[in-house]
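This report concerns only the one structure given below.
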Amino acid sequence: MGKRNFYIILSLGVFLTVSLYLYNGIETGAEAIAKRQQYVDDLRRKIGNLEHVAEENGRTIDRLEQQVRQAKFEKSVDFDEEKEKTEEKEQVREQEKEVAPVPVRGNRGELAHVHQVQKHIRPTPPMADVCGLRENISAPHSDLQMLDLYDIWKFENPDEKVKSIPRLEVVVIPHSHCDPGWIMTFDEYYNRQTRNILDGMAKHLGEKDEMRFIYAEISFFETWWRDQSEEIRKKVKGYLEAGKLEIVTGGWVMTDEANAHYYSMVTELFEGHEWIQNHLGKKAIPKAHWSIDPFGLSPSLPHLLTSANITNAVLQRVHYSVKRELALKKNLEFYWRQLFGSTGYPDFRSHIMPFYSYDIPHTCGPEPSVCCQFDFRRMPEGGKSCDWGIPPQKITDENVAQRAQMIYDQYRKKSQLFKNSVIFQPLGDDFRYDIEFEWNSQYENYKKLFEYMNSKPEWNVHAQFGTLSDYFKKLDAAISSESGEKLPTLSGDFFTYADRDDHYWSGYFTSRPFYKQLDRVLQHYLRSAEIAFSLANVEEEGMMDAKVFEKLVTARRALSLFQHHDGVTGTAKDHVVLDYGQKMIDALNACEEVLSESLIVLLGIDSTQKMGMDEKRVNENLLPEKRVYKVGQNVVLFNTLSRNRNEPICIQVDSVDAGIEADPPITKQQISPVLQYNEEIKKLVVKEGVFELCFAVSMGPMESMSLKLVKSTTTTKSEIRTHSDLKFDSNFKSSSTSGDFTVENDKVKAEFDGENGMIKKATSLVDNKSIELNSHYVHYGARKARRKFANGNEDNPAGAYLFLPDGEARELKKQESDWVVVEGDVVRKVFTTPINDLKILQTYTLYQGLPWIDLDNEVDVRSKENFELALRFSTSVSSGDEFFTDLNGMQMIKRRRQAKLPTQANFYPMSAGVYIEDEATRLTIHSAQALGVSSLSSGQIEIMLDRRLSSDDNRGLQQGVRDNKRTVAHFRIVAEPMSPGASNKKEERVGFHSHVGHLATWSLHYPVIKMMGETTPKPISSKNVEQELNCDLHMVTFRSLASPTTYEANERSTAAEKKAAMVMHRVVPDCRSRLTLPNTSCLLSGLEIEPLKLISTLKSARQTTLTNLYEGQESEEFKLQPNDVSSILVSF
C-alpha cells in the first residue's frame, strides 16, 4: 500500500514538472533554444535522481515493513508478559517447578529472551538449501569486526592518561576468584582458603545489611555445601533470594576458552547448573557471566551461554592494545555477535574491564598506586601490602573527605571510557575474604566512603555495594534513558592475548601436551559412557544401578575440573598437574565400568564379568598400552555417532590365525605384525607373539555389537616393505626397498621421503592432483629476559604461559631413518623414526574406503633444554596470508598473518583443527588434542608439539615446564579438491568444514568403542536407536539428569532421574568440496529431530535451555537453526 501511494505522488510530480517546462518553453530565438536545452538536461537529471530516490525509498519501505512484522513477532514473545505470567504461577504453585522463558534461537519464535535488550536481532530467514547456508551466514555484519580491526590498529604500548568528567553511578562488587588448582591442588586450596571464604560469606552477609558477594566456582561451592548444617544452608538460600549473594556463570569451573573442546565446556557448565538447580533453587540460577581470568576469549562460550539463557557478561583478559583501542571510542561495552550472528542468534552483552588486572589496584580507576590505597586488606593488619609503597588508611571522620575525593576522582576517570555513566568496581582478587579482617575492613571503610560521596549533591554520584545483576540493571536503565547511548555490536574473538609489550600468551596453547591429549581421551570415554548409560537406563526403565551412575558423576566432575583455566592450559604446578592426571585416570576407569555395565544391558548379555577397554593405562605418566584379545573372547563394539558408520576396526590379538566371526560374515579381514618403538635402542622392534587384526565393519547409528574372535583360515596376511634390518614372522611376505615410496587406498595416495619416511605429497584420487606437503620438524629456542622495553617495562623469559622465541624457527637436520610399510586389503600403514634424539615415532594410516591419512606422532623432548618443537608442512596451496583455525571444535574462524606483529602473536589455539585453501584445494589437519598453530607464510601450517623450558615467565606459576613425558599427538590429514572459482570470499570471517571434514573430526575424536568381553554363544547386536540423523546433526551428548545429592556423614550419593538431556549441534557444511562421504545415507534424513521416533520407549520430549535451567513446551519434532547447540529434555 505504501509503495503504491508513493508512485502515484511521484507520477504527479513528474507531470507538473513537464507542464512547467512547456509553459516556460514559449520563448523564441537561439538564446531561448539553448535555455530550453539546458532546462531539458536539468530535467532529465532530476528525473534520474527521483527514480533513484524512488528505488531507495522502495527498499526503505521493504525494510520498515519487515521491521514492523518483526516488532509484532517480538511483541508476541515479550519477556515482560511471560515474566508476569510466571510470577503469577509461582504465587499459586510455589512447589511446582519453574517454567521460565529461554532465548529465541534462530527463527524458533515460541520462547523469549531473558534480557529484553536483546530483541533487536532479526530471525533467520528460512533456508531450504543446505549448501547455500554458507553464503548466507559467513559474514557477521557487526559494527566492529576483530579481524578487520587488527589490520588497522598499530599495537603500540604508550603510557596514556585519562581525562575526567562528572556524573556517576557506581556499583562495588565484592568477589573472590578461587582457582580449583594452580599453585596448590583443589583439595589444598579448599582446606586452606576456600572453606574459610565461604564460611565468611555465610556469616558476614547475615551480619552486614549492605554487604554483597558474587561467587563463580561451583566445584568448591559443592564441596563446602556438603559439610554445612541445614541451618547454614537455609541461611545461604536466603541470601540468594534477597540478592545479597549471586552465583555468576555457575559452571563447575571458570573454563579455559582456548584449549577446551565445546563438549567439555557444555559438560562443566551443565554440571554446575544442575547442582545449583538441585540444591540452591530457582533464585540462584545464574543470570550473568563472569570470566575474569581465562587467557583470551572465544565466541564459542557466549554462544553456549546464550543457549543456556545467560546474555550478560564481564570479561577481563583481552590484549592491552585491543582494550586501549576500544576504550578510545568508548566501545568497552558491546553486544558480542557470533561470526554467523547476523542471522538471528542473540548477541551477548559484554563489558571488558579496561585495565591490566581484576585486582583492586587495577579496577577502581586508571592509577593503581591510588586504587591500591582502597584495598583495605592491604592495611598492616591484613598481611598484604601495596607494591607502590603507599598503604591504605582506615577511613575516619578526619580523613573521609580527602579519601573519598581520591577514589571519586578515579571513578570519574574510569567513567570516561564508557558510553553510559554506570561503572562498577570489582572488590576482590585471588582467594580473597579468607580472613575475618578483610570482611570487616572492606565493608566498614567502603560504607563510610559511600555515605560521604552520596551526601555530596555537587558530586552527583551514587555508590553502593552490589552484585553483577545489580550493575546490569543499572546499565539497562542508563541505556533506556533519554540520554543513554546504545552499544555497538562486535564480532570475532580475543586471541592471542598479550598483557604487555610483546608478551603474548601463546605458550599455554601447547604446554603439557601429554595432559591435553589425556583430556580428549577422557572426553571420548565420558561421552561414550553418557550415551551408553542413558540408552541402557531407558531400556531398564530407569532402574540402572545407582552405583553405576555415581561413577558417571565422578567422571563428569573430573573432566569438568580439568577445564579450569590452569588445568587444560598446562599452567599449574607439577604436583597439581599430577593430581589432575590421577583424577582423570580414575575417571577413565569409572567410565570403563559404566560402559561395561551399560553395554551388557544393551546387548542382553547374561554376565556379571566386567568388560575392559581395548587399551589400559598403568599410571598417569605413561602412554596407554593395548590389551591383547585371546581367541575365544568377544570383541564388543559401540558406535557413539548418530549416523551409519563404515570403517575398519583394529585390535591386537594373540594369534596370527585370528579372525572375526559375525553374521553376516565380515569378508575383509587383515592380520599384520605389531611394531613398537624401543626407547632404549631408539629403534623400531617387532612385538613377539602379538598381531594386529583389522576388519571392515558396518555399524548403524549408536549400534552396539559383540563379535567372536576365532581361529580363521580366511584372514589375509599383510605384505611388508622395509628400509631397516627388522626380521618378520615367516607368515608375512617382506621385502627390502629404498628411495621415495607411495602408499594408497581407493580414495587417497600418499608419497613419502625415502630417507626419513616422512610424508611429502598427498593426492586425492577424485582429481589426481597432488598437494605438496613437505613435512619436517622445526624448533625454537627460548628468549631470555635480557632487556628493558622503551616504555621502561622489564622483559621476562619464556615459560608456561608465554611463547617468546629467540628468533625464527630452525629446521631439524634431516636424518636417514628406519621405516616400514605394512599393506593389506583393509589398512595400510607407514612407520618411521625420523629424529633419533627426540625418540620420534610417526605412524601414518590409510583406511580402505576413507579419504584421509591419519598421523600419530610420538615424541620425547626430555633430552633438550629451552626447546620448543613444531611439525611444519610447507605445501603447494596458495593460501596467501590467510588460514582458518577452529574455536573449541565448534566453528572455524579466519585468521590473517600480521607482519607487524611478532611470531608469537601469530600463533593461535587449535582445539581441533586448521585448514588452508586456494581456489582449487583445501588442506585440513584435524587434531585430537589442543595445540598451538600458525601459518607463517603462504601454504604453510605449523603445529607446536611440545615445549620444555627452564625459566618462570613471571606470571605467578613460579616454575618452568620440565615435567615432560613421552607424548602422542593424533592428526588426520584431509586433501580436498574444491569446486573451481569458488574460493572463500574476502568478506567472510568464518569457515566451515565440508561433510567429509565434519565426519573426519567427529570420528577422530569419537572412534568406535572397543571392549573385551567374555564368550557368548553367537555374535549379537543391538540397534539402540531406530533412525539415522542427518549428516549435519551431531549428538553432542545424551546426558542422564541427576537428582539432588544426599549428603550424610561426609558421604554423598546421587541417583539418576528418569530424564535425559539430548544435546544436539547442527553444523553447516561447505559444499564446495568434491570429496564424497563413505556412507551417504545420512544425506537422505531430514533435519527434524524426533526423539520419540528415535527411541520409541521414550514417553515425552520438550524444548529446554542448554543446561535445563528453563523448560519449554512438549513437542514431537524439533528443528535447530544452523550452528545451534541446543538441548531436548526427554523422559522415560
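Of the three principal axes defined by the Cα atoms of region 690-833, the extents in descending order read 76, 44, 38 Å.
The string of couplings for region 689-701 from the Karplus curve (6.51, -1.76, 1.60, θ = phi - 60°) is x, 10, 9, 9, 9, 10, 8, 8, 10, 10, 10, x, x Hz, one whole number per residue in order, with x for Gly and Pro.
Near H261, within a Cβ-to-Cβ distance under 12 Å, what is the net charge of the other residues, with Lys and Arg +1 and Asp and Glu -1? Each step should come with its number before you reach the end.
Details: positive: K516, R520, R527; negative: D256, E257, E268, D519, D886.
Counting the neighbours of H261, the net charge comes to -2.
For Cα pairs less than 8 Å apart in space and 6+ apart in sequence, what is the mean separation divided by the residue count of region 220-278, i.e. the relative contact order in percent?
31
Any of K516/K1119; K323/K474; K687/K711; K682/K894 with alpha carbons more than 32 Å apart? Name them for me. Too far apart for the 32 Å limit: K516/K1119; K682/K894. If you plug each phi of region 374-389 into the Karplus form 6.51 cos²θ - 1.76 cosθ + 1.60 with θ = phi - 60°, what whole-Hz ³J(HN,Hα) values come out, in order, with x for Gly and Pro? Once rounded to whole Hz, the list reads 10, 9, 6, 5, 8, 5, x, 6, x, x, 10, 9, 8, 5, 8, x. Once backbone amide H atoms are built at 1.01 Å from N, D179 has F431 as its partners under 5 Å, excluding neighbours fewer than 5 places away on the same chain.
Just list whichever of K965/K1010; K237/K583; K384/K414; K329/K486; K384/K788 have alpha carbons separated by over 20 Å in the model shown. Long pairs (Cα-Cα over 20 Å): K965/K1010; K237/K583; K384/K414; K384/K788.
Note: relative contact order over the chain, using C-alpha pairs below 8 Å and six or more positions apart, is 13 percent. Extension gain for the segment N460 to E679, taken as residue separation times 0.36 nm less the Cα-Cα distance, is 71.6 nm to one decimal. The simple Förster model, with R0 at 30 Å and r as the Cβ-Cβ distance, assigns E241 and E1048 a FRET efficiency of 0.70. Scattering from region 643-720 was approximated by placing one identical point on each alpha carbon and applying the Debye formula without solvent; log10 I(q)/I(0) at 0.20, 0.25, 0.26 1/Å stands at -0.88, -1.17, -1.23.
Here the extension length gained between L149 and T742 equals 209.0 nm, from 0.36 nm per residue of separation less the Cα-Cα distance.
All other residues with a Cβ under 13 Å from the Cβ of E333 taken together, and with Lys, Arg as +1 and Asp, Glu as -1, what is their net charge? If you can, show how the numbers build up before the last one.
Values: positive: K323, K329, K330, R349, K414, K419, K474, K486; negative: D143, D347, D476, E485.
Overall, the nearby charge balance is +4.
By a 1.4 Å probe calculation restricted to protein chains, E1116 has an accessible surface near 130 Å², given to the nearest 10. Counting only Cα atoms, region 469-539 measures 58, 47, 22 Å along its principal axes, largest extent leading. Accessible surface calculations at 1.4 Å, restricted to protein heavy atoms, place the chain at 37 Å² per residue. Note the listed values (i) 107, 90, 60; (ii) 101, 98, 68; (iii) 150, 76, 62, then indicate which one is Cα extents along the principal axes in Å calculated from this particular structure. Only one option fits the structure, namely (ii). Measuring only protein heavy atoms, the 1.4 Å probe finds V318 accessible over about 0 Å². Partners of K784 within straight-line reach, counting lysines whose Cα lies under 20 Å from its Cα and excluding those fewer than 8 residues away in the same chain: K864. Based on C-alpha pairs under 8 angstrom that are at least 6 apart in sequence, region 248-302 has a relative contact order of 53 percent. Solvent-accessible area assigned to carbon and sulfur over the chain amounts to 48 percent, based on a 1.4 Å probe.
What FRET efficiency, computed as 1/(1 + (r/R0)^6) with R0 = 51 Å and r the Cβ-Cβ distance, is obtained for S735 and R896, rounded to the nearest 0.05? It would help to have the intermediate numbers written out before the result.
Working: r = 49 Å, r/R0 = 0.95.
After rounding to 0.05, the efficiency reads 0.55.
Rg over Rh for region 591-720 works out to 0.98, both radii taken from alpha-carbon positions and Rh defined as the Kirkwood radius.
The values are calculated or read from the model by the stated rules, or taken from the named source; none is laboratory data. What you see is a predicted model, and the numbers here were worked out from it, not measured in a lab. All Cβ positions, glycine included, derive from the backbone under ideal geometry; neighbour counts span all protein chains shown. For accessibility, only protein heavy atoms count, side chains too; no ligands or nucleic acids. Shrake-Rupley method; radii C 1.70, N 1.55, O 1.52, S 1.80 Å.
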